[in-house]
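S.K.: One structure is given below, represented as structure tokens, and several questions about it will come after.
The values are calculated or read from the model by the stated rules, or taken from the named source; none is laboratory data. Every value quoted in this text rests on a predicted model; they were computed, and no experiment measured them. We place every Cβ from the backbone using ideal geometry, glycine too, and count neighbours over all the protein chains shown. Calculation scope for accessible area: heavy atoms of the full protein, side chains included, ligands and nucleic acids excluded. Shrake-Rupley method; radii C 1.70, N 1.55, O 1.52, S 1.80 Å.
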Amino acid sequence: MTLKTLGAAALIAASATVAHAEDWTAYTYSSVSSTSAVKGMNRIVERVGADSDLEIDLHLGKTLQIASADITQAVGDGIIDMAADFFFSGSVPLARVLNLPMLIENDEEWAKAYAAMEPTLVDAFAQQGVVLLGGYRYPEQTIFTTFEINSLADLDGHKIRVTSPEQGHFIEEFGGAAITLSGSEVPTSLERGVIEGVLTASAGGAKKWHEFLPYNYRFAVNYGNSMIIANADSFEALSEDTQNALRAIVAEEGPKTTAAFIEDEVAQKKLQSEAGMTLVDMADGDAADASAKLAPFWEAWAKENGPEYEVALATVREAIGK
């Protein structure tokens, strides 16, 4: 357990003056209440409270002393009972197979790949003391920059913020420098030139940082997703009826959150364009070029990480016919 999660445990314990076995503390990485991610979690909390004897207190990102990268660990350690975690890949790196650049290229492929991988992911999270209840997906991660961009070749020599080593490899394949920063560091880093672009969605990070990013190259690099998880002991302590209700509600609200993000992506693209952002369609040949460059990386990534990863990659490729 890290010092940050220990601090969070103390904070929660101090504030829980009256605690019941079926009162849960939940946490989400997102700190903005207006996002589809938080709205979806709020719907889950409200519906569970109405349909069962479980009461859930949802805390937004940064309101507890839990680093984004430590959320799954905090749930597994019982610091919190439930969470939506976008940054789970450090705790369950096998799940990054779904985020490999250019592997999954559309909504249909995502649905097939996730369905094929779900049993494996359930087992992988269980090894962390966590029950995987469901999740939701962001729209495609595209390229937002401070410089004019009309093709992937224009990334050459530029510094781009990424959220995973796999995204970083994509940027480096086209001559860019990949830089990892927390979301809170992005605006200042763009202003100072520490970074010159980001990979995100219009309905994701660009919703907050659009004023710093005058260009958006509509090239889908990969997809990002969040897992909705619960502490295994807390979940087992619930009655069977409450367990079933929680699973059913998450199973319904996860896809609704994905749909809301996709709808918001369209709306945000329009708003960002009207505010002066230049949206550039994908150049001819870029998709084929990127796929050719990245396919060997998928194999190398899986081989480097071990047989379990090779099986996961094979599972996804078979599911999507690639």
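S.K.: Using only Cα atoms and rounding to the nearest 10 degrees, what angle (0 to 90) does helix 286-305 make with the longest principal axis of the chain?
M.R.: Taking Cα atoms only, the helix is inclined about 50 degrees.
S.K.: Sequence-distant or interchain residues sharing an amide H contact under 5 Å with residue 24, placed H: which?
M.R.: Amide H neighbours of residue 24, under 5 Å, 5+ apart: 55, 56, 57.
S.K.: Within the chain, how many lysine pairs that are 8 or more places apart, or on different chains, have C-alpha atoms less than 19 Å apart?
M.R.: Number of lysine pairs found: 16.
S.K.: What is the sum of charges, Lys and Arg at +1 and Asp and Glu at -1, for the other residues whose Cβ falls under 14 Å from the Cβ of residue 165?
M.R.: Cβ neighbours under 14 Å give a net charge of -2.
S.K.: For the chain, what's the relative contact order in percent, using C-alpha pairs closer than 8 Å and at least 6 residues apart?
M.R.: Across the chain, relative contact order equals 24 percent.
S.K.: Sorted by average packing, counted as other Cβ atoms within 10 angstrom per residue and highest first, what order do 229-235, 288-294 take?
M.R.: 229-235, 288-294
S.K.: If you don't mind, another one. First check a/c for region 206-322, with a ≥ b ≥ c the square roots of the eigenvalues of its C-alpha gyration tensor; if it is under 1.5, answer rounded, and if not, answer prolate when a/b is larger than b/c or oblate otherwise.
M.R.: Because a/c hits 1.5 or more and a/b fails to exceed b/c, region 206-322 counts as oblate.
S.K.: Right, something else. Can you list residues from other chains, or at least 5 along the same chain, whose modelled amide H is less than 5 Å from the amide H of residue 181?
M.R.: Amide H neighbours of residue 181: 162.
S.K.: Could you grab the Rg to Rh ratio for region 44-141? Cα atoms only, Kirkwood for Rh.
M.R.: Rg divided by Rh gives 0.98.
S.K.: Could you tell me what percent of the DSSP beta bridges with both partners in the chain are antiparallel, to the nearest 5?
M.R.: Given both bridge residues lie in the chain, the antiparallel proportion sits at roughly 55 percent.
S.K.: Then there is this: Pull up all non-local amide H partners of residue 215: gap of 5 or more, or a different chain, and H-to-H distance under 5 Å with H placed in the peptide plane.
M.R.: 145, 278
S.K.: Follow-up. Residues in region 298-314 near a label at residue 123, defined as backbone nitrogen under 12 Å from the 7 Å Cα→Cβ point?
M.R.: In region 298-314, the label zone of residue 123 (backbone N under 12 Å from the point 7 Å along Cα→Cβ) covers 308-309, 311-312.
S.K.: Let me ask something else. Which value at 222 nm does the chain reach when only helices count, each DSSP H run of 4 or more adding -39,500 (n - 2.57), with the total divided by all residues and rounded to the nearest 500 deg cm²/dmol?
M.R.: The per-residue figure over the chain is -15000 deg cm²/dmol.
S.K.: Sort 180, 120 from largest to smallest accessible area, using a 1.4 Å probe on the heavy atoms of the protein chains.
M.R.: Descending accessible area places them as 180, 120.
S.K.: Rounded to the nearest whole Å³, what is the per residue volume of the convex hull around the Cα atoms of region 248-311?
M.R.: Value for region 248-311: 159 Å³ per residue.
S.K.: Moving on. Within the set of other residues whose C-beta is less than 14 Å from the C-beta of residue 187, count the net charge using Lys and Arg as +1 and Asp and Glu as -1.
M.R.: After counting each charged neighbour, the total is 0.
S.K.: Another one. Please compute P(r) over all alpha-carbon pairs of the chain, binned at 10 Å starting from zero, and give each bin as a whole-number percent.
M.R.: Using 10 Å bins, I get a P(r) of 6, 26, 34, 24, 9, 1, 0 for the chain.
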